[in-house]
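K.L.:
Got a structure for you, written out below as structure tokens; questions coming shortly.
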Amino acid sequence: MGLPIPISIITMNNTHTSGTGAAAARAREIAAKHVCNVPGCNGPTVGFRKMCGHHQDMLKRRGHPQATLSSPKDWALERAQVLDLFERNQDHPGILSGVSFINGLFLQHQAGTAKPAVDAEVNRLAAAGVQAITVLAEVAAVALYISRKAVRLPTVAAENHLISQAVLKLAKRPRNKSPSALRTCSRGYPTRPSVAALNQVGGQIRNTLSGLLATIAVAVGDQAEAEAKRQQALYAAHRAPFNLAGPVGPAAP
Ligand SMILES: [Zn+2]
């Protein structure tokens with residue numbers, strides 16, 4: 001007598017629609033329970049995954065199945081504010097230290113780490129001539145954007161993912177030619193880092209720079225407040241009442 005085959009393996013693809021016997025009915029019953037674990041989604045899971053195809057795809061692209069779509073255009077305002085601040089504070093010790101941290105990160109990945117796919121991505125940035133200060137400004141802009149719109153991303157890991165994706169988008173990624181090239185390069189490792197690896201890189205950058213990022217957020221806030229006050233003063237000046245009595249002329253004869 002052989003070992004009983006677990007029914008979860010039989011119903012792996014969850015599309016057990018045919019069959020009239022008791023076993024098929026039981027398989028359908030179990031498959032019906034295997035729904036996507038994203039709240040509110042009733043899609044069928046795919047293979048051994050815990051999510052439906054759509055949410056699995058979103059997890060891969062955005063770092064979280066429920067993260068909304070963001071593009072570098074979304075934090076254009078924050079980027080402009082951060083660059084303006086950097087322009088005025090070129091000798092700020094925090095900015096200098098942040099730049100040397102990013103340069104160190106470039107060197108570290110150039111030497112090679114345990115994650116070759118991440119190395120390939122970071123080296124692509126360095127090869128395209130992306131400066132450390134540009135990377136730092138982008139990280140600060142995304143961090144500011146996240147802090148302003150906290151509801152857009154459901155977890156810290158998803159935020160870290162957005163930071164690393166934003167940094168890696170600073171240099172154009174070469175378009176892969178074939179579906180197989182999408183999965184592995186000639187040396188056999190994946191050309192795209194895993195979601196976990198990207199989260200880790202984003203988290204590392206964010207944690208190291210946390211003090212600087214908080215200071216930048218405060219400074220940008222203060223700058224915005226000063227600008228608002230200036231606007232208000234201008235408005236008040238424009239609304240100052242005119243003297244309606246007119247200039248005092250020569251007395252009428
Ligand atoms: Zn789903």
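K.L.:
With the condition being more than 16 Å from the ligand (Cβ to nearest atom) and under 21 Å from the mean Cα position of the chain (by Cα), I'd like the helices (runs of 4 or more DSSP H) fully within segment 19-120 carrying at least 3 qualifying residues. Working first, answer last.
P.N.:
Working: elements: 22-33, 53-62, 76-88, 93-111.
It comes to 76-88, 93-111.
K.L.:
With a cut-off of at least 2 residues that are in contact with a strand residue (DSSP E or B) (Cβ under 7 Å, 6 or more places away or on another chain), at pLDDT 90 or above and surrounded by 17 or more Cβ atoms within 10 Å (Cβ to Cβ), name the helices (runs of 4 or more DSSP H) lying wholly within segment 155-253.
P.N.:
Numbers: elements: 156-168, 179-183, 195-208, 210-238.
Qualifying helices (runs of 4 or more DSSP H): none found.
K.L.:
Which is in contact with a Phe, Trp or Tyr (Cβ under 8 Å, 6 or more places away or on another chain) and either at pLDDT 90 or above or not hydrophobic (A, V, I, L, M, F, W, C) (or both), of 78, 87, 29? Working first, answer last.
P.N.:
Details: 87 fails: in contact with a Phe, Trp or Tyr (Cβ under 8 Å, 6 or more places away or on another chain); 29 fails: in contact with a Phe, Trp or Tyr (Cβ under 8 Å, 6 or more places away or on another chain).
Result of the check over 78, 87, 29: 78.
The values are calculated or read from the model by the stated rules, or taken from the named source; none is laboratory data. Not measured: the values here are computed from a predicted model. Glycine gets a Cβ as well: all are built from the backbone with ideal geometry, and neighbour counts include every protein chain shown.
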